[in-house]
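Have a look at the structure below before the remarks.
The values are calculated or read from the model by the stated rules, or taken from the named source; none is laboratory data. Please read these numbers as outputs of a predicted model, since none were measured by experiment. Cβ: placed from backbone, ideal geometry, glycine included. Neighbour counts: every protein chain shown. We work out accessible area using only protein heavy atoms, side chains counted, and drop any ligands, DNA or RNA first. Shrake-Rupley method; radii C 1.70, N 1.55, O 1.52, S 1.80 Å.
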Amino acid sequence: MPNYKKLYTDIISYKNPKKWKECSFILAKAELTTLDIINLNEIIFTTTDKEISRFNQQHKSYDKNAIIDMLTHQHVNKLNNTQLAIRFKLSRNSVAKWKKKYTL
């Protein structure tokens, strides 16, 4: 597994030092979760080009822990499937499928 903490620290320090304050509270954690990595990506690599965003979104994959974290985020913040899909740039169908598969 890659050392995301070192990787993102290097990216911020070399390419975008202005965003260090925004990212420091996430990088201060002992262990980074998948949601932390998603948040760091959103902070550091803000793109306005729709084609690039669409291409990147098609190549994302989530492990079981990330899916459970997202569903927990939905439950804690009382979001519906559409709101969760917008928040994490997902398909509503993916969220519905995950809820059927991973909730009791």
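Here the simple spin-label model places points 7 Å from the Cα toward Cβ, and for Ser13 and Asn77 these points are separated by 3.1 nm.
For the chain, the longest principal axis of the C-alpha atoms and the axis of helix 92-102 are separated by about 80°. Adding -39500 (n - 2.57) for every DSSP H run of four residues or longer, then dividing by how many residues the chain holds, sets the calculated 222 nm ellipticity at -20500 deg cm²/dmol. For segment 63-77, putting each phi into the Karplus relation 6.51 cos²θ - 1.76 cosθ + 1.60 with θ = phi - 60° gives couplings of 8, 4, 5, 5, 5, 5, 4, 5, 5, 5, 4, 5, 5, 5, 8 Hz, in residue order, rounded to whole numbers and with x for Gly and Pro. For the chain, what % of the accessible area comes from carbon and sulfur atoms, probe 1.4 Å? Ligands and nucleic acids excluded, carbon and sulfur give 54 percent. In this rough spin-label picture, where each label sits 7 Å from Cα along the Cβ direction, the Arg54-Trp20 distance is 3.8 nm.
Assuming R0 = 22 Å, what is the FRET efficiency of Asp63 and Lys99, from their Cβ-Cβ distance, to the nearest 0.05? Plugging the Cβ-Cβ distance into 1/(1 + (r/R0)^6) gives 0.85. Tilt of helix 34-44 relative to the longest C-alpha principal axis of the chain, in degrees (0 to 90, nearest 10)? It works out to around 50 degrees. For the chain, what class follows from the C-alpha gyration tensor (a ≥ b ≥ c being the square roots of its eigenvalues): rounded when a/c is under 1.5, otherwise prolate if a/b is larger than b/c, else oblate? It is prolate, given that a/c is not under 1.5 and a/b is the larger ratio. Think of each Lys and Arg Cβ as +1 and each Asp and Glu Cβ as -1; about the Cα centre, that makes the dipole of segment 30-104 roughly 540 debye.
Considering only protein heavy atoms, what per residue accessible area in square angstrom results for the chain with a 1.4 angstrom probe?
76 Å²
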